[in-house]
Amino acid sequence: MRVKATQTLALAGVVLALATALSAFGAHALRPQLPPDRYWLWETAVRYQYWQGLGLLGVGVTRRTLEAPVLRAAAGLVFAGLLLFSGSLYALALHAPRVLGVLTPLGGAASIIGWLAFAWGTWRGRDLRSPL
């Protein structure tokens, strides 16, 4: 399935809306209930979700002006990294089994590879605004 630039932008919007909702939920419902170390996990997950969501906005905008198949892969890797990294931290904050912590560095690695793919794609991509 080919994901269009507009779909990347829509996904970024959803990621950011969820980050906002999860941040508010954490501050108002979870903070009084969770020990400080668990609440810190929740806040870390939210913070990284915000950053990756903003990054996805950038990927979507870039995909509107550059043609590079690797940019589509970059968006997928960043999103997968976000799901694994923040998702595992959210779960751990809510007392999920510690074995889920193995997903956190995998998510970080996927995000790093995604951002490197983005860098490569922007370096090598063809400018869609250029007449040539």
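The values are calculated or read from the model by the stated rules, or taken from the named source; none is laboratory data. This one's a predicted model, so the numbers in the text were calculated from it and none came from an experiment. Because the Cβ atoms are built from the backbone with ideal geometry, glycine has one as well, and the counts that use them run over all protein chains shown.
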Enumeration of residues in the stretch 58-91 that are crowded, with 17+ Cβ neighbours inside 10 Å, over 15 Å from Val14 (Cα atoms) and touching a residue at least 60 places away in the same chain (Cβ under 8 Å)
Thr62, Leu66, Arg72, Tyr90
Is it true that some residue in the stretch 86-98 is farther than 22 Å from Arg31 by Cα and modelled with pLDDT of 95 or more?
no
State whether the residues of the stretch 77-84 include one that is farther than 18 Å from Gly114 by Cα and in a helix (DSSP H, G or I).
no
Search result, residues across the stretch 92-110 that are buried (at least 17 other Cβ atoms within 10 Å of the Cβ) and within 16 Å of Trp42 (Cα to Cα):
Leu92, Ala93, Leu103, Thr104, Gly107
Lone unmet requirement of (1) free of Cβ contacts under 8 Å to residues at least 24 places away in the same chain; (2) within 30 Å of Leu128 (Cα to Cα); (3) among the aromatic types (Phe, Trp, Tyr) for Phe25
(2)
Identity of the residue in the stretch 5-40, in a loop (DSSP other than H, G, I, E, B) and touching a helix residue (DSSP H, G or I) at 6+ places or on another chain (Cβ under 8 Å), that ends up surrounded by the fewest Cβ atoms within 10 Å (Cβ to Cβ)
Arg31
Do we have Phe79 as among the aromatic types (Phe, Trp, Tyr) and within 24 Å of Leu22 (Cβ to Cβ) here?
yes
